[in-house]
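In what follows, a single structure is set out as structure tokens and then discussed.
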Amino acid sequence: FFASLCCLVLYLISKEVFKDYEKKEFVSLGSSLAFALSFTHWSQAVVAEVYSLSTFIISLAILCCFKYRSTEKRQYLYFACFLLGLGIVAHYTALVLVPIIIYFAYNKSSQGHYRFHNHPALIFLQF
């Protein structure tokens, strides 16, 4: 269940990142389908462990960080920090979110545009 929700959140993240591009829906759908159909994702999704829940919480927190970046509403940042706590309870790999949240909290952009060379947090989206 959480593995499929993670694919939906990944679609929303891709749509937020590629919002300035002409074919953002195609790119977002392609990236979420590539993730959804990957062997590693589904090998962990069918096992009753905490990995799919942890992946869902981490991706939702990253989505909140991007939403904070584009709207600059602090409620997204607070919710990302709350999800960080939930993610650490679910699995310790959510500690990866700490530098991402710090980056988004202290590196504000008034335009809200995303450039790949400005976002080291996008490295974590590729795995």
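The values are calculated or read from the model by the stated rules, or taken from the named source; none is laboratory data. Just so you know, these numbers come straight off a predicted model, no measurement behind them. Surface areas here come from the heavy atoms of the whole protein model, side chains and all, with no ligands, DNA or RNA. Shrake-Rupley method; radii C 1.70, N 1.55, O 1.52, S 1.80 Å.
Summary of values
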| item | result |
| --- | --- |
| Net length gained if the chain between Phe82 and Trp42 were fully extended (0.36 nm per residue, minus Cα distance) | 11.7 nm |
| Exposure of Leu33 as accessible area (Å², to 10), given a probe of 1.4 Å and all protein chains | 90 |
| Surface per residue (accessible, 1.4 Å probe) for the range 47-99, Å² | 52 |
| Karplus-derived HN-Hα couplings along the range 83-97 (A = 6.51, B = -1.76, C = 1.60, θ = phi - 60°), whole Hz, x at Gly and Pro | 5, 4, x, 5, x, 5, 5, 6, 7, 5, 5, 5, 5, 4, 6 |
